[in-house]
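The values are calculated or read from the model by the stated rules, or taken from the named source; none is laboratory data. As the structure is a computational prediction, the values presented were derived from the model and not from experiment. All Cβ positions, glycine included, derive from the backbone under ideal geometry; neighbour counts span all protein chains shown. Each accessible area value is taken on the protein alone, full model and side chains, heavy atoms only, with ligands, DNA and RNA left out. Shrake-Rupley method; radii C 1.70, N 1.55, O 1.52, S 1.80 Å.
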Amino acid sequence: MCTNNTDAIISVFHEPNKHLEIVENKIPEINENEVLVKIKYTTICTSDLHTFSGRRSSPSPSILGHEIIGEVVESKRKTDDNGLTLESGDLITWSVYAYDPNDEIAQKGFPQKSKSLFKYGHVENSEKTPLNGGFATHFIIREHTTICKITKDLPFPSLSPINCTHATIQGAIRLAGDFNNKKVLVSGLGILGLSACAQINEKNASFINALDLDKNRCNKSHDFGSNKSLINLDDIETKYDIIIETSGNSKAIENCIDKLDIGGKIVLVGSVYTQPNISISAEKIVRNLNVILGIHNYTPIDLINATNFVTEFNQKYNFENLVEKEFKFENINQAFEYAMSNKCYRVGLTH
Ligand SMILES: [Zn+2]
């Protein structure tokens, strides 16, 4: 039986650039293997802003929001993905999607692309799919969602971006392979780029250079492990073994590919919005033995590793400071206005 007798409060996205509507929503009985969560903290992800501003289409009415942490209210699932018992009151993070593990694509190792993918914060809010977005008081985690218990000792603003920002970078790092003694460039120094600097800094790279047009963002990257920051790639002669590209900007990607050393790899992370096609020299890629990789979302192990990383290194890198402004959940429209008109790493919502 559901132990929560109150209704949830949700913020409903109807159409781009219109205020989110705050309404009550009944909390239904949860099904086998589902978990009812009381949301404790959410951060507004850049993709929420893309949806809100109409740059990305999304079903409506829906509840946006997917960078979340929450407390278990009721669990019909025994354990999290580390095998730890799930109980009421546990603080958890969970993957941005639920998938069918028997799906052919999931079986190939790409659960985030399985045919029956259910992507939280991007689905219609209906009786069939209730409470599946982060900008609400409650959330229902569906079967086959990766769940990790997290410590309550760390600041919530540090923990909230684990399941989107940090897990995605874990995926990029997994694709890039061994960083030992490698010359690394991180391109784009929003929260994804800073996460990449920090996570790579623990992997014995030879050095990490960081690239962004914004001087303040360049300077910030030094607190997250970059050895040198650049506003123009041509300022130095260096070629790179591994480049993590988070800006998604076509010109930046072309310039980065041009700076790959023999055998160098580039992982594209930021190209999740429409940009002009890039122009590359296939001959140069072949002769230089280069590899171009893409990562979109992540796999269960990436979320587990991201959770472990933030838990271990939160103090060293001060992820808490990347939430530059906080609003109460009921003031979500103010929070969106602020996030749309200020270039923040993250805006946080307290619940
Ligand atoms: Zn996100």
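Report for the chain the percent antiparallel among DSSP-assigned beta bridges with both residues inside it, nearest 5.
Values: 32 of 58 bridges.
Just about 55 percent of them are antiparallel.
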(request) Obtain the nm distance between the two label points defined at Ser206 and Asn232 by a simple spin-label model: each point lies 7 Å from its Cα along the Cα-to-C-beta direction. (result) 2.5 nm
(request) Whole number in Å², please: accessible area per residue of the range 168-294, 1.4 Å probe, ligands, DNA and RNA not counted. (result) 45 Å²
(request) Convert each backbone phi in the range 332-339 into a coupling constant with the Karplus relation 6.51 cos²θ - 1.76 cosθ + 1.60 (shift: θ = phi - 60°), then list the ³J(HN,Hα) values in order as whole Hz, x for Gly and Pro. (result) 4, 5, 5, 4, 5, 4, 5, 5
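Going by the alpha-carbon gyration tensor, a ≥ b ≥ c the square roots of its eigenvalues, is the range 198-260 rounded (a/c under 1.5) or, if a/c is not under 1.5, prolate (a/b greater than b/c) versus oblate? List each step's numbers first, then the result.
Details: a/c = 1.59, a/b = 1.21, b/c = 1.31.
Oblate.
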(message) Can you work out the Karplus-derived ³J(HN,Hα) for every residue in the range 181-190? Use 6.51 cos²θ - 1.76 cosθ + 1.60 with θ = phi - 60°, whole Hz, and x for glycine or proline.
(response) 6, 8, 8, 10, 10, 10, 9, x, 10, x
(request) Could I have the simple spin-label model distance between Asn216 and Asn331, label points 7 Å from Cα toward Cβ, reported in nm to one decimal? (result) 2.0 nm
(message) Using amide H atoms built in the peptide plane, which far-off residues or other-chain residues are under 5 Å from Tyr240 H to H?
(response) Leu260, Asp261
(request) Could you pull out the trypsin sites (Lys or Arg not before Pro) across the range 276-351 that fall in loop regions by DSSP (anything but H, G, I, E, B) with no more than 15 other Cβ atoms inside 10 Å? (result) Lys343
(request) Loop only per DSSP, at most 15 neighbouring Cβ atoms within 10 Å: give me the trypsin sites (Lys or Arg not before Pro) in the range 129-201, ordered by residue number. (result) Lys152
(request) Only loop residues by DSSP count here, and only those with at most 15 other Cβ atoms within 10 Å; note down the chymotrypsin sites (Phe, Trp or Tyr not before Pro) in the range 193-282 that meet that. (result) Tyr273
(message) How much length would be gained if the chain were fully extended between Asp7 and Asp178, taking 0.36 nm per residue of separation minus their Cα-Cα distance, in nm to one decimal?
(response) 56.7 nm
(request) Provide the gained length on full extension for the span Ser116 to Glu15, in nm with one decimal, where the gain is 0.36 nm per separating residue minus the Cα-Cα distance. (result) 33.9 nm
(message) Ignoring GluC sites (Glu not before Pro) that are buried or in helix or strand per DSSP, and keeping those with at most 12 other beta carbon atoms within 10 Å, what is the longest stretch of the chain between them?
(response) 238-351
(message) Compute a Gaussian network model of the chain, connecting alpha carbons closer than 10 Å, and tell me which residue from His166, His19, His122 fluctuates the most.
(response) His19
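Express in nm, to one decimal, how much length is gained between Lys108 and Gln275 on full extension, taking 0.36 nm for each residue of separation and deducting their alpha carbon distance.
Extra length available between Lys108 and Gln275 comes to 57.2 nm.
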(request) Would you list, by chain and number, the lysines whose Cα falls below 28 Å from the Cα of Lys78, excluding same-chain residues fewer than 8 positions away? (result) Lys26, Lys38, Lys40, Lys108, Lys113, Lys115, Lys119, Lys128, Lys149, Lys152
(request) Quickly estimate the mean residue ellipticity at 222 nm for the chain, helices only: each DSSP H run with n ≥ 4 gives -39500 (n - 2.57), and the total goes over all residues, rounded to 500. (result) -7000 deg cm²/dmol
(request) State the percentage of accessible surface on the chain attributable to carbon and sulfur atoms; use a 1.4 Å probe and exclude ligands, DNA and RNA. (result) 47 percent
(message) Can you give me the long-range amide H partners of Ser58? Hydrogens built in the peptide plane at 1.01 Å from N, cutoff under 5 Å, separation of 5 or more residues or another chain.
(response) none
